[in-house]
Each structure stands twice: as structure tokens, then as C-alpha cells.
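The values are calculated or read from the model by the stated rules, or taken from the named source; none is laboratory data. What you are looking at is a predicted structure, and each value in this text was computed from that prediction instead of being measured. Cβ: placed from backbone, ideal geometry, glycine included. Neighbour counts: every protein chain shown. To get the accessible areas, we keep the full protein, side chains included, count just its heavy atoms, and leave off ligands, DNA and RNA. Shrake-Rupley method; radii C 1.70, N 1.55, O 1.52, S 1.80 Å.
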Amino acid sequence: MKAFSYVDAANEKDALASLGTERNQVLAIGGGMDLLGMMKDYLVQPVRLVNVKRLDATIARTPDGGLRIGSAVRLIDLIEHADARRMYPALVELAEQVGTPQIRNAGTVGGNLNQRPRCWYFRNEEFHCLKKGGATCFSVNGENQFHAIFGEGPCHIVHPSNLAVACLAYGATFRLAGPSGAREVEAEQYFQMPDHNLYAENVLQPNELLTHVTLPAPMAGLKSAAYEVRFKQAHDWPLAFATAALVMEGQTVKSARIVMGAVAPVPWRANEAERALAGKTLSEETAGRAALAAVQGAQPMSRNAYKVRVARTAVTRAILKAGGMKVV
Amino acid sequence: MAPKDETRSELDERSGVSRRFFLKTVGAGGVAASVIDGLQEALPHAQEAGTAAAPAAIGPGPVPITLNVNGQRLSLKVEPRTTLLDALRNHAGQTGNKRVCDRGSCGACTMIIDGRTRYACSTLAIEAQGHDIRSIEGLAKGTVLHPVQQAFAEADGMMCGFCTPGFVMSAVALLEKNPHPTVEEAKRALDGNICRCGTYVRVLEAALKTKGVARG
Ligand SMILES: Cc1cc2nc3c(=O)[nH]c(=O)nc-3n(C[C@@H](O)[C@@H](O)[C@H](O)COP(=O)(O)OP(=O)(O)OC[C@H]3O[C@@H](n4cnc5c(N)ncnc54)[C@H](O)[C@@H]3O)c2cc1C
Ligand code: SF4
Ligand code: FES
Ligand code: FES
């Protein structure tokens, strides 16, 4: 990788003061599990890195009974946090599935949410694709078996973050700190489709940092779960996955939030599935119908039609698992 | 072609001298003098951020660092981009942990930092300062193997041996926390290591058979 200078920022203020306004010139380093790979492959060549591991690394209760997770919290600490597991099981289960033990021991929450796409054309130095300022998306006529089944392009990545999907399902907000103060952005507004923002995957500006994830207090009757389908159990990203957050009254679903992962350039909220499930008694049949609704608008590419089926299954099983029902 | 940087130059083996021989002969530091002297930093700085002074940046040239490796203090001079693995292999002659993928995807470089396994190829050496680093070199006491190493030898848990140091470190980290893991627990703890020769069955056997591992 190209040489860079390094700032060991003692806190948020110092870290912010070290950033700049030009994209990819100065970058934050959390665990480095994504960033160093990008740099070794010359996909980004920052002149300076700013350590953000000394930002808030705690998980704290909020006054309303939710949790506030510092961006410097490592995945392993989130996984081992008893309150987080009890209150937001889907988030913790998804953290548990990330990569490998070594990655979870190093990777941070901030880094996970801001990691860059894994499209193999994007990750290959030789392909100057749209996202890198080139003229073509190579996935369209190329190897697109792991690409998006939702979205109009022009870039067809799937968002790589496990945690992002659970953040949407639980209605999390992100605190973004910048030179002129901090703003709170809903997780759902944070991630951006490529037709809005081709060169980045979210609204974060180069001179801003994501400092906290705030999860609202679980509503009474909230039951939630995640279900992932993976080709390999470790060292890889899921083929498709889903998170279901159901507000239950007995066996009736009062309301639901269903979000799919690895199917679109952003965590993909399945509004139709949520509507299909609301007011229904939870059963294999109602879960299956909701899942069908979830993939209704899918537009698979030349080699990834199989993902529609995988996503559908993931939604069915996430719903059943959330409801405490047997998942076959 | 001049090597683009340290990462690439290490892969460049046209000299006919074995890389390890070369590195050990040149000795620590010699290889460090890298290509980027005079690299200018174009600096977006505090002015834009509207804050007082930005904290000082170090590098991009070599900077002095101190690492605590296997209980010993190690003073080196490396660039901020140097990984912990390269710092130990290329600047301290500790070539026990292997560099295979250099992308956090195989586990050959696994070390134990503050009690947890980490990919040393994906950890900056400057960031490893102030932490308790344990590498494969720290396990054997003289000629007496660590119980995990002994178990690997007895179970014949290696073929080419490139993945072995990493697997041993992952097994040590597991057994220090959980001396009697179930098969599932052991598999999960070893998930982050890959063996191209396919020694998994015996690696698992070794991890499960090892007795008497305690941090000491
Ligand atoms: C083999 C392998 C398998 C993996 N599998 C999975 C998987 O299944 N699921 C998954 O979700 N991930 C997976 N990952 C990605 C893994 O890198 C992340 O999960 C990890 O959490 C990244 O965290 P980090 O702290 O190391 O990020 P870093 O590499 O330090 O940072 C990643 C990016 O985020 C930016 N950043 C870091 N912190 C902040 C902040 N506070 N504010 C703003 N920007 C910031 C950095 O500048 C950089 O661009 C895998 C990685 C590998 C190598
Ligand atoms: S999907 Fe996006 S990142 Fe991948 S080749 Fe197309 S434009 Fe590039
Ligand atoms: S060399 Fe570090 S994980 Fe492969
Ligand atoms: S023994 Fe050859 S890679 Fe594992």
C-alpha cells in the first residue's frame, strides 16, 4: 500500500480536526479489516489515516431504555454484551456471523457500517468501473451471481454490512459528527442508492464521522430475529439474509419491520411484506406470504435469479424465528 | 521495474536468493529504508475543520515504535503502513507467523493480542503498541513444545505447515479461555484459519486432545 501519515486521535474532537473535505484523502481507521485491504489493492490511497478507536467504545443505556453504542465498540464486545443480546438479538446474531473470529475481534461497529462494497470488479484494481469513476458497470454483462436483485443501477452492488440491516429493522439512528456539530440521521436515511450517490454508499461527508448508533427501547411485545443464508460458514458474506422485528400481541402481528440484506445497494426494507403481515396470526403460511410479497419487485440479473428464492426463504425463516416458531 | 512499495517488493523474488535468507542477512532495518522518502503530504487540515489545532501526524517515513512481543520489549523503526506481521518478520527476524494472503482472509498470520486472536497482516504495527502481543515464537520453552504444539505434532496436524502457526495460535487462544471445548466450539474458534492442504480433521483432533493449557 501507499505510504501515509497517521494521527492517533485521542478523542472525537481531535479526530474531526484531522479529517479533510476531499473524498478518500484522509480516512478513519477502525479495526482496519476493510480499509487496509482496500489500501493494499490501491483502491483508496489516503495520504493520512486517523485512528478512531479512541472514540466512544462503550455501550450505554439511554434514558428512554434503549442502547447507545459507540462506533469504536468492537464486534466481539457487542456479541458479548448481555443487554444488547437480550434487547436486540438480531443485531447481535448478525454481528456473530461476520467473517471470522479474528475479524470480529478487530472490527468495529463504525467500520462495519461504513465498509465498502465487495463487488469483485470494484475490489479489483484492474477494473475501472462506474463506482471508481469509469464508464461501465462490469457486473451487468459479467459475473453478477452475488450482485443486487433490487434497484435500478447504475451500480449493482449489495450493501456489505451485516449490522446495517439490523439497524434499519430496529429503527436505529446514527450520530454523525462534523466540523460544525453533530446531526442524528435515521439508519434508513443514512444509506443511499447509487443513482443518488455513486461514489459512496451513504450520506457521510469526508469531514464527518459516525460516532454512535442509538437503538430505541424495544416496544412491548417486540420479537425479533435474523436469518442468514451463507455459501460458506466463515470467511464470506451472506448470499442473502433478513431481519424481522415483529410487535406481537399473543400470536397476532400488530406491526412488523422486515429488512433484507445482500440483495440491494442498501439494506432493503420490505414494506409490502410488512403490510402483508400486519394484523395476521403468525403461521408458516402468513410468513410465507409476507416473504413472497418481500421479493415481488425483484429484478434479478443474468446470473442471480437464485437469490430471489434465497431471499424469500430468509424472510420466511426470519419471521418464524422471531415469532419463536420452528424453523425448518 | 522499481518495487512500488514494501508490500510488492517482498513478493518480487527475482534475485535468486531466498527471501528469508536475504531478509535475515540484511538484518532488521535494512529492508525498511523504503521508497517513499520525500513523499509530500497534501494536507487538508484544521483550517477547514474550523477547530483549533489538529493533533500531530506521524510518518509517512519510518517512526520509532515499541512493541511488547512475547513479554519482551522490541524497539523498531517502521513506517505507519507497516503491518505488525511485516514488522516482526522483516524488521525483527521473527518469521514464525506466516504471510500468506496478506488480506485478513486465511489466518496464517494469527497472533494473540490482549488475549484475542487477530490477523497480524491486517493490524498496523504502530497500532499494536501498548498491547500484549503473542506470536508463535513465544510458545515453546527452549526445546520444550507448548502443549498445543505437542498435540499438533502427535496428531500429525500439518502437511506443508504454512497454516500451522496460525492454527496453533487460534487453538491456544481457545484453550486458554475454554480448556474443554466441544467439537462445535473448537470448530468455531478455528473458523478464521484456512488450510490449503486440508489438515482440518487432525488440527481439530489436536485442539481437542490438548491437555493442560493455562496462561502462564
Ligand atoms: C474475509 C472477510 C469476511 C467478512 N465478512 C463479513 C460479513 O459477513 N459481514 C459483514 O458485515 N462484514 C464482513 N467483513 C467486513 C469487515 O471488515 C467488517 O465487518 C468490519 O466490521 C469492519 O470494521 P473495521 O473497524 O475493521 O473497519 P475499517 O476497515 O477500520 O473501516 C472500514 C471503513 O469505514 C470507515 N470508518 C471506520 N470507522 C468509521 C467511523 N467511526 N465513522 C466513519 N467512517 C468510519 C473507514 O474509513 C473505512 O472506509 C468481512 C471482512 C473480511 C476480510
Ligand atoms: S456493481 Fe458497482 S462496484 Fe461493481 S462493477 Fe458495477 S459499478 Fe462497479
Ligand atoms: S496472511 Fe493474514 S490472514 Fe492471511
Ligand atoms: S498444512 Fe499446508 S496449508 Fe495447512
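Data for the structure
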read-out	value
Given chain A, longest segment not containing exposed loop trypsin sites (Lys or Arg not before Pro) (DSSP; at most 11 other Cβ within 10 Å)	A:1-231
Simple Cβ-charge dipole of segment A:222-322, Lys/Arg +1 and Asp/Glu -1, about Cα centre, in debye nearest 20	140
Choice from A:E126, A:E284, A:E186 with maximal GNM fluctuation in chain A (Cα, 10 Å cutoff)	A:E126
Solvent-accessible area buried by B and A, counting both chains, probe 1.4 angstrom, square angstrom	3800
Sulfur and carbon atoms: percent of accessible area, the protein assembly as shown [1.4 Å]	53
D_trans [Stokes-Einstein, Kirkwood Rh over alpha-carbon pairs] for segment A:1-50, 25 °C, 0.890 mPa s, µm² s⁻¹	222
For segment B:48-110, alpha-carbon Rg relative to the globular expectation (2.2 N^0.38 Å, N residues)	1.45
Debye intensity ratio I(q)/I(0), log10, segment B:115-216, q values 0.11, 0.13, 0.14, 0.15 Å⁻¹ (C-alpha model)	-0.31, -0.44, -0.51, -0.59
Average beta-carbon neighbours from other chains, 10 Å sphere, peptide A:94-102	6
Charge dipole of the protein assembly as shown about the Cα centre (unit charges at C-beta), most positive-ward option of B:L74, B:C160, A:T62	B:C160
Pairwise FRET efficiency - A:N124 versus A:N24, Cβ, R0 = 22 Å, nearest 0.05	0.80
B:V183-A:R183 FRET efficiency (beta carbon distance; Förster radius 51 Å; 0.05 resolution)	0.55
Selection from A:N207, A:Q97, A:Y121, by position along the positive dipole direction of the protein assembly as shown (Cβ)	A:Q97
25 °C / 0.890 mPa s Stokes-Einstein diffusion coefficient of segment A:222-322, Kirkwood radius on C-alpha pairs, µm²/s	184
Table column - 3J(HN,Hα) (Hz), segment B:170-181, Karplus curve with 6.51, -1.76, 1.60, x for Gly and Pro	5, 5, 4, 4, 4, 5, 5, 8, 9, x, 10, x
Rounded accessible area of A:I149 (nearest 10 Å², 1.4 Å probe)	0
Peptide A:224-235 - average C-beta neighbours from other chains (10 Å radius)	2
Column: log10 I(q)/I(0), Debye, Cα scatterers of the protein assembly as shown, q = 0.07 Å⁻¹	-0.42
Segment A:85-145 - charge dipole about Cα centre, Lys and Arg +1 at Cβ, Asp and Glu -1, debye rounded to 20	240
Cβ neighbours within 10 Å from other chains - mean over A:36-43	4
Complex-versus-alone comparison for segment B:120-168, residues with a loss of 20 Å² or more in accessible area, probe 1.4 Å	B:S122, B:L124, B:I126, B:E127
Separation in nanometres of the label points that stand 7 Å from Cα toward Cβ, at A:K13 and A:A278	4.6
Cα-centre dipole for chain A with unit charges at Cβ (Lys and Arg positive, Asp and Glu negative), debye to 20	520
Extreme residue, positive dipole direction of segment A:222-322, given options A:V259, A:A291, A:A240 (C-beta unit charges)	A:A240
Entries of A:K131/A:K223; B:K187/B:K211; A:K232/A:K326; B:K98/B:K141 with Cα pairs more than 28 Å apart	A:K131/A:K223
